Amino acid sequence: MHYGKIKYNDIANGEGIRTSLFVSGCRVGCKGCFNRETWNFNYGQVLTDEVVEQMIESLRPGYISGMTVLGGEPMEPENQEALLAIFKEVKHRFSNKTIWLYTGYLLDQDLIKGGRKYTAYTDELLSMVDVVVDGPFMSELSEIGLQFRGSSNQRIIHM
């Protein structure tokens, strides 16, 4: 799996201070996307074991609330297996840290059994997520004052 960037001490993508992973690869293609370069599955760098270890260890300080994964599109089938392994390790080491996941797909349509992005990893992956922000970014519904989302159609779902 490739990633575009990792933001340490991020306060924009979830509650508290977080480590945010921007994965590569997206087929949603939202008009007005702020991160178009991450649509390419080969954009950025390969997510190595060393990078994953550094990212997970960045969660250790008590002032870090957790991890956020966004993109690109975390729920593309190509990304789910690798994210599941990361989420398992985060929850194993830091059960008190939260995981937020941003997806342009709809939780109750695309990510359920029979949904267009459902894989053998989806249920277990989502079982470790604390908050899902779902739905595509829609520039015509964009509001600057929205907290943790870009357009009013996107939902913040506490799992």
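Of all the residues that make up the stretch 1-34, how many are open to solvent by less than 30 Å² (accessible area, probe 1.4 Å) and either part of a strand (DSSP E or B) or free of Cβ contacts under 8 Å to residues at least 40 places away in the same chain (or both)?
First, the residues of the stretch 1-34 that are open to solvent by less than 30 Å² (accessible area, probe 1.4 Å): 3-4, 10, 13-14, 18-26, 30.
Now restrict to residues that are either part of a strand (DSSP E or B) or free of Cβ contacts under 8 Å to residues at least 40 places away in the same chain (or both): 3-4, 10, 18-23.
Here the count works out to 9.
Take residues that are modelled with pLDDT of 95 or more, in contact with a Gly (Cβ under 8 Å, 6 or more places away or on another chain) and open to solvent by less than 50 Å² (accessible area, probe 1.4 Å) and tell me which of the strands (runs of 3 or more DSSP E) falling wholly in the stretch 61-159 contain 2 or more.
64-70, 98-103, 131-134
Can you tell me how many residues in the stretch 94-123 are without any contact (Cβ under 8 Å) to a residue 40 or more places away in the chain, of a type outside the set (K, R) and touching a strand residue (DSSP E or B) at 6+ places or on another chain (Cβ under 7 Å)? Please lay out each step first, then the result.
Within the stretch 94-123, the subset without any contact (Cβ under 8 Å) to a residue 40 or more places away in the chain is 94-97, 99, 101, 103, 106, 108-116, 118, 120, 123.
Still in the running and of a type outside the set (K, R): 94-96, 99, 101, 103, 106, 108-112, 114-115, 118, 120, 123.
From what is left, the residues that are touching a strand residue (DSSP E or B) at 6+ places or on another chain (Cβ under 7 Å) are 99, 101, 103, 106.
Adding up the residues that qualify gives 4.
Only residues that are open to solvent by less than 80 Å² (accessible area, probe 1.4 Å), of a type in the set (A, V, I, L, M) and touching a residue at least 40 places away in the same chain (Cβ under 8 Å): list them for the stretch 35-54, please.
Residues satisfying the conditions are L47, V51.
The values are calculated or read from the model by the stated rules, or taken from the named source; none is laboratory data. Only a predicted model underlies this, so the values are computations on that prediction, with no experimental measurement involved. Reconstructed Cβ throughout: ideal geometry from the backbone, glycine too, with neighbour counts over all protein chains shown. Areas reflect the complete protein model, heavy atoms only, side chains present, ligands, DNA and RNA absent. Shrake-Rupley method; radii C 1.70, N 1.55, O 1.52, S 1.80 Å.
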